[in-house]
1. Would you mind stating whether residue 213 is at pLDDT below 75 and out of contact with any strand residue (DSSP E or B) (no Cβ under 7 Å at 6 or more places or on another chain)?
2. Step by step: first the residues of the range 99-110, then only those that are buried (at least 19 other Cβ atoms within 10 Å of the Cβ) and touching a helix residue (DSSP H, G or I) at 6+ places or on another chain (Cβ under 7 Å), then the one that is farthest from residue 203 (Cα to Cα). Which residue is that?
3. Can you confirm whether residue 174 is at pLDDT below 85 and either buried (at least 16 other Cβ atoms within 10 Å of the Cβ) or assigned to a loop (DSSP other than H, G, I, E, B) (or both)?
4. Report yes if some residue within the range 76-96 is more than 23 Å from residue 201 (Cα to Cα) and modelled with pLDDT under 85; otherwise report no.
5. Tell me which of these residue 187 doesn't satisfy, since it passes every other one: (1) within 25 Å of residue 53 (Cα to Cα); (2) at pLDDT below 95.
6. Being out of contact with any helix residue (DSSP H, G or I) (no Cβ under 7 Å at 6 or more places or on another chain) and in a strand (DSSP E or B) is the filter here; which residues of the range 119-134 pass it?
7. Of everything in the range 135-171, what is under 21 Å from residue 191 (Cα atoms), free of Cβ contacts under 8 Å to residues at least 40 places away in the same chain and assigned to a loop (DSSP other than H, G, I, E, B)? Give them in sequence order.
8. Within the range 201-224, is even one residue outside any helix (DSSP H, G or I), closer than 30 Å to residue 125 by Cβ and over 17 Å from the mean Cα position of the chain (by Cα)?
């Protein structure tokens, strides 16, 4: 019996917007560590769980434009994120707060374009947190329509948007709309729509394709020499070995077109973290 592969979903957004808490809400359990400080820097992390009968791999990322965090650190972790979701994410969650959409939020969206390109919006859903700030009786679509910037973003994402409250909507006392369980179901339906619209494919670009090819080549080599390793362990080791080869200068460095140059040196920290 073939086990369906998990759907890879990346969470992107500003520091303090509640990405880790949102991931825990989707999983229905505390899986990701949540920082109590908006500017706290974390590393990219992926976890896989069953949600409503679907296997999901959620990839949490550090906050974009985090204060006191160097752009190089952010780039380094984005590289780790992209390697984690190789060969590419099936869906991207752009996480925003229910608050005024300012130039700072627009800068976060611009940085997402820088890391992935605007084409990633064909696989994206805008997800709002802090739903308790949503005026009573108002839907998130109605809220979005009040802002030209938000409306334009959601429109580019195919009209896909949801609202959660990781703190106050945990029980089942709210009406259907203001319920995390209801929103999770609707979010999964939207991810199904993304898969259908993209014919089941994931987002990719030339760099992701090159990364995946190298990982699979290394995985085949490990599989032949280590027959007792599980496929999961083989894949983890293949990712680590691929990065090490580039760090050691044995192969031509990847062209990280979507984040610029000078990032590869930072991968030493990633390799060390994976070795732990």
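1. Working: at pLDDT below 75: no; out of contact with any strand residue (DSSP E or B) (no Cβ under 7 Å at 6 or more places or on another chain): yes.
So residue 213 fails the test.
2. 101
3. Numbers: at pLDDT below 85: yes; either buried (at least 16 other Cβ atoms within 10 Å of the Cβ) or assigned to a loop (DSSP other than H, G, I, E, B) (or both): yes.
In short, yes.
4. Keep residues of the range 76-96 that are more than 23 Å from residue 201 (Cα to Cα), which gives 76-77, 96.
This time we only want the ones that are modelled with pLDDT under 85, so: 76-77.
Yes: one or more hits.
5. Residue 187 satisfies all of (1) within 25 Å of residue 53 (Cα to Cα); (2) at pLDDT below 95 except (2).
6. Within the range 119-134, 124 is the sole residue that qualifies.
7. Selection gives 139, 158, 159, 160, 165.
8. Filtering the range 201-224 down to residues outside any helix (DSSP H, G or I) leaves 201-205.
Keeping just the survivors that are closer than 30 Å to residue 125 by Cβ gives 201-205.
Still in the running and over 17 Å from the mean Cα position of the chain (by Cα): none.
Within the range 201-224, none of the residues are outside any helix (DSSP H, G or I), closer than 30 Å to residue 125 by Cβ and over 17 Å from the mean Cα position of the chain (by Cα).
The values are calculated or read from the model by the stated rules, or taken from the named source; none is laboratory data. The structure presented is a predicted model; accordingly, all values stated were derived computationally and were not measured. For neighbour counting, all protein chains shown are included, and Cβ atoms are generated from backbone atoms with ideal geometry for every residue, glycine included.
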